[in-house]
Structures are given as C-alpha cells and as structure tokens.
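Each value in this text was obtained by applying a stated rule to the coordinates, not by laboratory testing. Because the structure is predicted, anything quoted here is derived from the model rather than measured.
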Amino acid sequence: RSRGGRALPKRLQGGGACGITSVNQDRRMLGIVDRYVLREIAPPFAISLAVFTFLVVMDRVYQLADLVIAKGVPLRMVAALLALLMPSFLILTLPMALLVATLFACRRLVCDLEADALRMSGVSPLRLFRPFLVAALIVTMAVGCLTLFVTSWAYGALQRQVVKILRAYACDESVSSS
C-alpha cells in the first residue's frame, strides 16, 4: 500500500520482472545450481576415492598378508594396522578424487550444454565456480585435519601395534626355532 492508503498497482507490488520476487527467485535458482553442481561432483568423487584408496591399499596388502600367512599374526591385528594406515592413504587420495570428480562434472556440464544454458540465463561462469570452490575447501580442510591431527595419532598407534605384534610373535619364533 502507498502512503495515502491506496493500493499500489499490481506491477509495482513485486512478482514482476524487476520486483522483489525475482530477486528471491534468482537466489533460489542459484541455490539450486549449487546443489545441482555438487550432486554432479559427489558420485564421481565417491567412486574415484574408493578406486584410488583401493589401489594405494593394495600396495600394502601384500606385506600385511605376509604377516598373516607366514608369521601367523591374527587377521584382527593386521586389520587394525590397515585401519591405522588409512589416514595417510586418504591424504593422497582425497585431492586426486576431487580432481577426477571436478573433471567429470565439468565435462558433463559442457557436453550436455548445461553450462551454456546457465550462462544464457544470466549465471556468470565465475558464479558457476562457487560449488567447485566449496568442494575444494571441504577437501582441503579434511586433508589438513588428517595431516595435522589424525595422522600423527595414527602413526603413534601404528608403532605401538607393530611393537605389540613383534613382541608377541618374535618371541614365538625364537621359542619354536630353538
């Protein structure tokens, strides 16, 4: 309503091309675009993280399997060793997985002409970059926490576990060999 008590014309009440509702719709659309791009990143990120972590773990599985087969170390203790090694593996594989996910998501946006459609609807290419930046910051913070806190704790626990295994099974070997 205006000051004189009369109703404003419908075109000035919002909901028009330049009204308040269009600004809210623009913000809502940008939120939708962010969620859409993050949903495009998530599946390739999860798959590539699993594949890269599997490949890195397979390098160590041979050594750990030798402990189980040749030394007779229980599988539970070897699984604990593998779990304690996992943070150091994730430090390597998280950034690689994000790179692959970003490449797949960008390829999909470009090949399906979605990037062009968004640009034609008024979304700037720099604005489209925001979900990728958010994903990169999350992975950076996760790698930072893993590097600064978790890996140092896991390394100490790994050394204690290895000493426990060596004490238990080195003594058994010396007794059985004599």
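For the range 103-142, the alpha carbon convex hull comes to 54 Å³ per residue, rounded to a whole number.
Cα gyration tensor of the range 93-161, axes a ≥ b ≥ c as square roots of the eigenvalues: rounded (a/c below 1.5), prolate (a/b > b/c) or oblate?
Prolate, because a/c is 1.5 or more and a/b exceeds b/c.
Can you classify the range 30-178 as rounded, prolate or oblate using the Cα gyration tensor, where a ≥ b ≥ c are the square roots of its eigenvalues, rounded means a/c under 1.5, and otherwise it's prolate if a/b beats b/c and oblate if not? Prolate, since a/c reaches 1.5 and a/b exceeds b/c.
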